Amino acid sequence: MENNGMYGECKPVENEKDQEAVIEAVLFTMGGAVELRQLAAAIGQDRETARGAAERLMKRYQTGKKGMEILKLEDSYQMCTRSKYYENLIRVAAAPKKQVLSDVVLETLSIIAYRQPVTKMEIEKIRGVKSDHAVNRLVEYDLVYEAGRLDAPGRPALFATTEEFLRRFGVGSLGDLPDVNPEQEAVIRAEVEEELQLTVDEIPKENE
């Protein structure tokens, strides 16, 4: 008797709409970036066919008013929240729940995102206070990871953002992070100045 179990070989997906649907299901289920070769395997077609289906799916999400979008990351594709809803995500992240991203944790995450790779000491120079708890929380939430060690006495750990950070905040790469405008920078500096009781000129800057 022939074995036609659930893990048997699947027939190639020929219909273009069906190809897009399969890729959509894979991207949604996987959450992170999915390589083109994996998408090709999912529809039982070659890479160029899979690429065409993924690109069509991207356009569908771009033209429709949806909360999600498909991003191309080198030779991979990823489904994530549309970047225009960044502020809404911040509200959800800051709302009371089991994993609360407090103002301190969000501030620490911002420093790591824009200065990475960065050590705890560099973070603490900018914030003016100890940041062990905030960094540990970010590692626990899989938003930050230890990216290596600095070639310096004590070999302090270097921290950088994860792929989960990109997915959760809806950006395709670090280059897509929004610029900090002068008003936001002034607010941050004012908060640090108040916390440390220092003047702006006394706030330590990196690479000085």
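Brief remarks on what is shown
- Near the amide H of L158, within less than 5 Å, lie the amide hydrogens of A147, G148, R149, L150, all on another chain or at least 5 residues away, with H placed in the peptide plane.
- Label-point gap, in nm, between A147 and H133 - each point 7 angstrom along Cα→Cβ: 2.6
- The residues packed around K65, meaning those with a beta-carbon under 15 Å from its beta-carbon, carry a net charge of +4 if Lys and Arg are +1 and Asp and Glu are -1.
- Other residues lying with their Cβ under 13 Å from the Cβ of R37 contribute a combined charge of -3, Lys and Arg counting +1, Asp and Glu -1.
- Projected label distance in nm at Q116 and L89, using a 7 Å step from Cα toward the beta-carbon: 1.2
- Shape category assigned to the range 122-165 from the gyration tensor of Cα positions, a/c cut at 1.5: oblate
- Rounded to the nearest whole Hz, the Karplus-based 3J(HN,Hα) values (6.51 cos²θ - 1.76 cosθ + 1.60, θ = phi - 60°) of the range 53-61 follow the sequence 5, 5, 5, 5, 5, 4, 5, 4, 6, with x at glycine and proline.
- For the pair S102 and L174, a Förster radius of 25 Å applied to the C-beta separation gives a FRET efficiency near 0.60, rounded to the nearest 0.05.
- Relative to the current alpha-carbon distance between R60 and E140, full extension at 0.36 nm per residue lengthens the span by 25.3 nm.
Each reported figure results from applying straightforward, stated rules to the coordinates on display, with no laboratory input. All values reported here derive from a predicted model rather than from experimental measurement. Cβ atoms come from the backbone with ideal geometry, glycine included; neighbour counts cover every protein chain shown.
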